[in-house]
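Remarks on the structure that follows.
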Amino acid sequence: MARQLIPAFAYTVVYVKDVARSVAFYSDAFGYRVRRLDGSHRWGELESGQTTIAFTPLHQRETDERTGAVRTPAREGERGPVEVCFDYADVDAAYKRAVDRGAVPVSPPEVKEWGQKVGYVRDVDGIVVRLGSYVGDSASHE
């Protein structure tokens, strides 16, 4: 009988204009501890639980030549296909902290129809960040 391989989700990599700036911003605005920022400032990581949030430049030889160039939104009103989401016990306090420390407010926290309190901000690169309360299993939302 073949054994199924089930990987652990290890990283989410966010492509940004300035790695050091983004690492400092996420640490300050969202409360994460910096795990690593290499001397070249081409890679940074935050302690974020079982997975790692990592940052790398928008353009670099290692990825552009192998997997294609990263594309950013072409005009106002567009956004990238990724949203970063964080759960907080106190979404209102988290939203205020993020905005007070440089996040651009998008939508203040409100309780959604599925019972989660959610607010949205943009980071220093315009990436949408969702700040939400923890939601249990999906069976409780049907």
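For the chain, a simple Cβ point-charge model (Lys and Arg +1, Asp and Glu -1, everything else neutral) yields a dipole of about 360 debye relative to the Cα centre. Positive end of the dipole of the chain (Cβ unit charges, origin at the Cα centre): among Trp114, Val135, Val16, the Cα lying farthest that way belongs to Val16. Highest average first, the peptides 76-82, 48-54, 19-25 ordered by how many other beta carbon atoms sit within 10 Å of their residues are 19-25, 48-54, 76-82. Scattering from region 1-55 was approximated by placing one identical point on each alpha carbon and applying the Debye formula without solvent; log10 I(q)/I(0) at 0.19 1/Å stands at -0.61.
For the chain, a Kirkwood hydrodynamic radius built from all Cα pairs, placed in the Stokes-Einstein relation at 20 °C and 1.002 mPa s, yields a translational diffusion coefficient of 128 µm²/s.
With a cut-off of 12 Å on the backbone N, the residues of region 43-84 near the modelled label site 7 Å out from Val104 along Cα-Cβ are 73, 75-80. Solvent-accessible area of Phe9, all protein chains in place: 130 Å² (probe radius 1.4 Å, heavy atoms, ligands and nucleic acids excluded). Entry note, the chain: the mean residue ellipticity at 222 nm calculated from DSSP H runs of n ≥ 4, each adding -39500 (n - 2.57), is -6000 deg cm²/dmol after division by the residues and rounding to the nearest 500.
Return the percentage of antiparallel bridges among DSSP beta bridges fully within the chain, rounded to the nearest 5 %. In the chain, DSSP labels about 65 percent of beta bridges as antiparallel. Taking amide H as placed 1.01 Å from N in the peptide plane, Arg35 has its amide H under 5 Å from the amide H of Glu45, Leu46, Glu47, each at least 5 places away in sequence or on another chain. With the simple model of a label 7 Å out from the Cα in the direction of the Cβ, Asp92 to Arg122 spans 2.7 nm.
The values are calculated or read from the model by the stated rules, or taken from the named source; none is laboratory data. Just so we're clear, the structure is a prediction, and the values are computed from it rather than from any experiment. With ideal geometry, Cβ positions are generated from the backbone for all residues, glycine too; neighbour counts draw on all protein chains shown. Just the protein is used for accessible areas: all its heavy atoms, side chains included, with ligands, DNA and RNA removed. Shrake-Rupley method; radii C 1.70, N 1.55, O 1.52, S 1.80 Å.
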